[in-house]
Amino acid sequence: MDQPPLTEPAVPDSGTARYELPILPAASAGGMGSEDCVVVVRNLGEFHHWLRQATPAVQWIQVEGLLDQPEAWIDAARAPNDVALDVVMSDPLVEYPMLYRLVDVHNARGLRVTIPLRTGFLKALRLAAALHLPVRLLPQQPDEEELGELMEAIHFYLHDPMVDTPVEFFHSALGWSTGGSITDLWLALERDPAVFQQLDDAGKPLLPADRPGATAETFVSDHIEQLRRDRSECATCSWSAFCRGYFKLPDPGYSCGGIVKALDLLGAAATEIATEIGDFAPQPEDEMPN
């Protein structure tokens, strides 16, 4: 993503432990001190407080359920603190016209819109792109209607000239397909609990599924290994190293046929892009002698 506050945290150069970024409710964020974190706000009081009081340790504020509050965005466009915002939509089909409220905010500070992959999300994606707002699409296990919209969204992302800002997870899938990125889907969507630690009010990690014995540190690796042992689709899927079983939660029996078609469309586009770049690369006979 082109806005550093809303990206994968770097792994420290020294030591072997992975960098952990706590994502915690506003009510329990006051005790974090100088430790890097993301603060989740869900009402106007929390939003106004953290918009003004966020320290440099707050990597960004995750804003949930406030798109219908115009005063929040007027304040965000004027507040002196430049902390970045991740605006999480809950019902994109209903909320998409409200994205206009974010234009002035985006001009004042780093901002991203997170759109759940639910029926109607394509309208929100199209408008966000028209407004030049970076997007994170957050899928789970899309049904047939949502898969149809997903295919349309990929065609839009690949071919519409108005798309000039990143759209995740499409952006990372293209990079992974060309060998230009080792980021997997869990990291691209900031859902790997070993790195992005969602915490509840008591400070306990919220894992993506209720699995006995699961730990945040090994959740993803244990999950994909179990799927492979169970001889699920993941065992032979060409996207397994990128997806790592993301679409097998919460139902491990979910059929990924539609998802694979969508990822294959991105993979084919990546191959085409790489070929075109290669065609324009200077050939040895075209190079000037020393």
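Condition first: buried (at least 20 other Cβ atoms within 10 Å of the Cβ) and in a helix (DSSP H, G or I). Now tell me which residues in the stretch 155-173 satisfy that.
Within the stretch 155-173, Tyr157, Phe170, His171, Ser172, Ala173 qualify.
Which residues, counting only those in the stretch 54-90, are of a type in the set (A, V, I, L, M) and in a strand (DSSP E or B)? Spell out how you get there, then give the answer.
We begin by selecting, within the stretch 54-90, every residue of a type in the set (A, V, I, L, M); these are 54, 57-58, 61, 63, 66-67, 72, 74, 76-77, 79, 83-85, 87-89.
Within the stretch 54-90, Val58, Ile61, Val63, Leu85, Val87, Val88 meet the criteria.
Residue-wise test of (1) modelled with pLDDT of 90 or more; (2) touching a Gly at 6+ places or on another chain (Cβ under 8 Å).
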| site | (1), (2) |
| --- | --- |
| Asp2 | no, no |
| Leu6 | no, yes |
| Ser14 | no, no |
| Ala17 | no, no |
| Pro22 | yes, no |
| Gly31 | no, no |
| Asp36 | yes, no |
| Val40 | yes, no |
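Name, by its number, the condition in (1) more than 20 Å from Ile224 (Cβ to Cβ); (2) within 15 Å of the chain's Cα centre (by Cα); (3) of a type outside the set (Val, Ile, Thr) that does not hold for Asp192.
For Asp192, the exception is condition (1).
Looking at (1) touching a helix residue (DSSP H, G or I) at 6+ places or on another chain (Cβ under 7 Å); (2) closer than 26 Å to Gln141 by Cα; (3) hydrophobic (A, V, I, L, M, F, W, C), can you tell me which one Leu51 breaks?
(2)
Looking at (1) at pLDDT 95 or above; (2) over 30 Å from Val260 (Cβ atoms); (3) not in a strand (DSSP E or B), can you tell me which one Leu51 breaks?
All conditions are met except number (1).
Could you list, in sequence order, all residues of the stretch 199-258 that are touching a Leu at 6+ places or on another chain (Cβ under 7 Å), of a type in the set (D, E, K, R) and more than 18 Å from Leu187 (Cβ to Cβ)?
Once the filter is applied, which keeps residues that are touching a Leu at 6+ places or on another chain (Cβ under 7 Å), of a type in the set (D, E, K, R) and more than 18 Å from Leu187 (Cβ to Cβ), the stretch 199-258 yields only Asp200.
For the condition at pLDDT below 95 and of a type outside the set (S, T, N, Q), what is the one hit in Arg112, Arg101, Arg78?
After applying the criteria, what remains is Arg78.
The values are calculated or read from the model by the stated rules, or taken from the named source; none is laboratory data. Everything numeric here is computed off the predicted structure, so don't read it as measured data. Don't worry about glycine lacking a Cβ; one is built from the backbone with ideal geometry, like all the others, and counts go over all protein chains shown.
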